[in-house]
Amino acid sequence: MKQRSVRSFAAALSAMAVIVSAAACTTKTPNGTDGGSPQDAKIAFLMPDIASTRYELYDAPLFRAKMKDLCGGCEVLYQNAGGDAAKQQQQADSALAQGADVIVIDPVDSAAAAGTVRTAQGRGVPVIAYDRPIPAVEADYYVSFDNEKIGSMIGASLVEHLEATSAEGGLLQVNGSPTDAAAGLIKKGIHSAVDSSGYELLAEYDTPAWEPGKAQSWVSGQITKFPGRIAGVVAANDGTGGGSIAAFKAAGAPVPPVTGNDAELAAAQRIIKGDQYNTISKPIKTVAEAAATAAFAFARGEKPRGDTTLFGTPSELFTPTVVTRENMAEVLVGDGKPLKTADVCTTTYAAACAEVGLT
């Protein structure tokens, strides 16, 4: 009896050792905070580039502010990859090494970011895809705008304007980065609006890394190839739209209506001046705050459900607004709006601002 009791006790100790060992191999507890309070969580916020000014000016500050409001003791580990997918992977690895409890990532390269998702999830760290989806794997959550709808909205707005002005000729389509899944959705949306419009699509281009300079170079070549035949340019964002406009000006050619997306300050000024036809006003504050809210929920061990599912991922998709000169004062610029009148209506643009009711 005594010998059997000793063996039983030894077996119990062995089982306890296995349990302790297994627990030691788990990098995160169920609430994602290594057993600490979610009020001390570390949230990585990884943005893709500086080619679009929105990330530094709006997304990052708004995300930080909401996280501070939700969680005064939480730390935001912010990094911008500058358009370099390999650098973004290194930043993600560094965030994990620093003990990030949640990763929020706007991928430079949607395919490459799949590796980041797998690595983080393998360590028990949830990943929120922000702005751009990651189709190859299922992230834990996705917060963005309805990118396909953005494409259809800017395309349809341009077509309506061309029809109203009896414009003749064809269209150029300047898409975003070929490595960005959101750019692919915008591209699909644009095609849904222009392919059946009756306006010939003269040519289209996928702009590497969304670089305005590359868009400008390509459009310059098309101006030479199709002299006098370009009725409009459907550009996927304000950077590529600005590059397109610069190409026409450099060639000494009339600037046709050009679209945009992101409602950057410079784009608002171009629209007021008449150089750019439209842009998209995105509720960046709404999206940044939604991402922060979801990140804090994950830090508490909760799983946000989302309103829909995209690429197998629970998602929140917000609908933006098309902005032209006609609704600039109503939607984009002024008190309580995304852009301040004083910032937009500098001396150079004062007269044009007065024309659209911005004073």
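Go through segment 183-240 and count every residue that is without any contact (Cβ under 8 Å) to a residue 40 or more places away in the chain and aromatic (Phe, Trp, Tyr).
Residues in segment 183-240 being without any contact (Cβ under 8 Å) to a residue 40 or more places away in the chain and aromatic (Phe, Trp, Tyr): 1 in total.
Looking only at segment 157-185, filter to residues that are under 25 Å from the mean Cα position of the chain (by Cα) and in a loop (DSSP other than H, G, I, E, B); which one of those is nearest to GLY242 (Cα to Cα)?
It comes out as GLY176.
Of all residues in segment 51-69, how many are among the small types (Gly, Ala, Ser), modelled with pLDDT of 95 or more and open to solvent by less than 30 Å² (accessible area, probe 1.4 Å)?
Selection size over segment 51-69: 1.
Contact list please: Cβ distance under 8 Å, first residue in segment 72-84 and open to solvent by 50 Å² or more (accessible area, probe 1.4 Å), second residue outside any strand (DSSP E or B) and of a type in the set (S, T, N, Q), pairs at least six apart or on different chains.
As it stands, the answer is GLY72/GLN39; GLN79/GLN88; GLN79/GLN91; GLN79/SER94, since those pairs meet every condition given.
Select from segment 329-349 the residues that are more than 27 Å from ALA294 (Cα to Cα), at pLDDT below 95 and open to solvent by less than 30 Å² (accessible area, probe 1.4 Å) and list them in ascending order.
Listed by number, the list holds a single entry, GLY334.
Which of the numbered conditions does GLY72 fail, given that it passes all the others? Conditions: (1) over 22 Å from THR179 (Cβ atoms); (2) at pLDDT 95 or above.
(2)
Would you pick out the residues in segment 133-175 that are touching a Ser or Thr at 6+ places or on another chain (Cβ under 6 Å) and either modelled with pLDDT of 95 or more or over 25 Å from LEU46 (Cβ atoms) (or both)?
Matches in segment 133-175: ILE134, GLU138, ALA139, TYR142, SER152, ILE154, LEU158, VAL159, VAL174.
Restricted to segment 106-156, and to residues that are part of a helix (DSSP H, G or I) and β-branched (Val, Ile, Thr), which residue is surrounded by the most Cβ atoms within 10 Å (Cβ to Cβ)?
Out of the qualifying residues, it is ILE154.
In segment 63-105, what residues are of a type outside the set (A, V, I, L, M, F, W, C), in contact with a Lys or Arg (Cβ under 9 Å, 6 or more places away or on another chain) and part of a helix (DSSP H, G or I)?
LYS66
Looking at segment 252-301 only, could you name the residues that are under 29 Å from THR224 (Cα atoms) and of a type in the set (S, T, N, Q)?
THR259, ASN261, GLN269, GLN276, ASN278, THR279 - these are the residues of segment 252-301 that are under 29 Å from THR224 (Cα atoms) and of a type in the set (S, T, N, Q).
Scan segment 253-310 residue by residue and report those that are β-branched (Val, Ile, Thr), open to solvent by 30 Å² or more (accessible area, probe 1.4 Å) and in contact (Cβ under 8 Å) with a residue 40 or more places away in the chain.
Answer for segment 253-310, where residues must be β-branched (Val, Ile, Thr), open to solvent by 30 Å² or more (accessible area, probe 1.4 Å) and in contact (Cβ under 8 Å) with a residue 40 or more places away in the chain: just THR293.
The values are calculated or read from the model by the stated rules, or taken from the named source; none is laboratory data. The shown structure was predicted, so the numbers you read here are calculated from the model rather than taken from an experiment. So basically every Cβ, Gly included, is an ideal-geometry build from the backbone, and we count neighbours across all protein chains shown. With ligands, DNA and RNA removed, areas are computed over all heavy atoms of the protein, side chains included. Shrake-Rupley method; radii C 1.70, N 1.55, O 1.52, S 1.80 Å.
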